[in-house]
Amino acid sequence: ILKSPAQGGKSGFDSSFLVFSTGWAGIGVAIVLMYLYQTRFGSLYLHIGIISSLFMAGLAVGGTLIRSFLRKQESTFSHAPTLLCSFVPLNIAILAAIAFWPNEQWTHLFFAAAFVLYGLCTGGYFPIAAAQLSDAGIEAGPAGSKLETADHIGASLGGLLTGLLLVPILGTRATLLIFILLVLANIPPAAIKILTPQKLCTVAPLLRKLG
């Protein structure tokens, strides 16, 4: 990201990682909520259809709202990094609430709200990533391919590793804290774009040496 603007190149890595990481977290949180629902009520198989529908509804609403907001701005794509930095804290707050909410206070209504709200968060990242790719000069076709591939890879790894490794070994709370870190990893690239990219590009060689 630091290197590409200085050389006049196009960087889509930050957008791909955004969709990859939030796709991973999205399916991972859904699995954690399903596990919590099963341990609380013991009837997941009876309600799996409505649970999936609630999460999907959140995805659709989140994507639609964020896309509409971006389209209403005077300079649509320049607002994407700022919106991302504002959106991530909301996501983290929802994750923290899920992680630390007492088990005995989970009701059907709370589970429904959690599925919808986290679906809304996950869906909201896709138009932000698309806006950033458009701002980088990447055409719609390649941009769509990048984002769809990143989303599928993230969701596949998230579904596999969350169910087989993270929840059984670490438990639900530690798993959700890992998802918080995964989402937080998208803040530095957005902050670089909001701050002075030209000045940051001049220190890129030093940063690489330090790395």
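What per residue convex hull volume, in Å³, comes out for region 72-152 when only alpha-carbon positions are used?
Convex hull of Cα atoms, per residue: 111 Å³.
If each residue of separation counts as 0.36 nm, what is the full-extension length gain between LEU90 and PHE13 once their alpha-carbon separation is subtracted?
My answer for the length gained is 25.4 nm.
For region 108-174, what does the alpha-carbon gyration tensor say about shape, rounded, prolate or oblate, given a ≥ b ≥ c as the root eigenvalues, a/c under 1.5 as rounded, and a/b over b/c as prolate?
In terms of gyration-tensor shape, oblate.
What's the magnitude of the charge dipole for the chain around its Cα centre, counting Lys and Arg as +1 and Asp and Glu as -1 at the beta-carbon? Answer in Debye, nearest 20. Intermediate results must be reported in sequence, preceding the final value.
Details: 12 positive and 7 negative charges, 97 e Å.
For the chain, the charge dipole is close to 460 debye.
Mean Kyte-Doolittle hydropathy of 0.0 or higher plus an axial Cα length of 27 Å or more: which whole DSSP H helices in the chain meet both?
Membrane-span-like by this criterion, though nothing is claimed about a membrane: 13-41, 44-72, 80-100, 108-135, 140-161.
So between SER145 and ARG208, what do we pick up on full extension, going 0.36 nm a residue minus the alpha carbon distance?
Extra length available between SER145 and ARG208 comes to 19.7 nm.
Got a number for the accessible area of PHE13? Probe 1.4 Å, square angstrom, nearest 10.
That residue has around 140 Å² of solvent-accessible surface.
Shape of the chain from its Cα gyration tensor (a ≥ b ≥ c, root eigenvalues): rounded if a/c is under 1.5, otherwise prolate when a/b > b/c, or oblate?
Taking the square roots of the gyration eigenvalues as a ≥ b ≥ c, the chain is prolate.
If you count, for each residue, the other Cβ atoms within 10 Å and average over each peptide, how do 157-169, 52-64 line up from highest to lowest?
By packing density, highest mean first, the sequence is 52-64, 157-169.
The values are calculated or read from the model by the stated rules, or taken from the named source; none is laboratory data. Nothing here was measured: the structure is a model prediction, and the numbers come from that model. For neighbour counting, all protein chains shown are included, and Cβ atoms are generated from backbone atoms with ideal geometry for every residue, glycine included. What goes into the accessible areas is simple: the full protein's heavy atoms, side chains included, and nothing from ligands, DNA or RNA. Shrake-Rupley method; radii C 1.70, N 1.55, O 1.52, S 1.80 Å.
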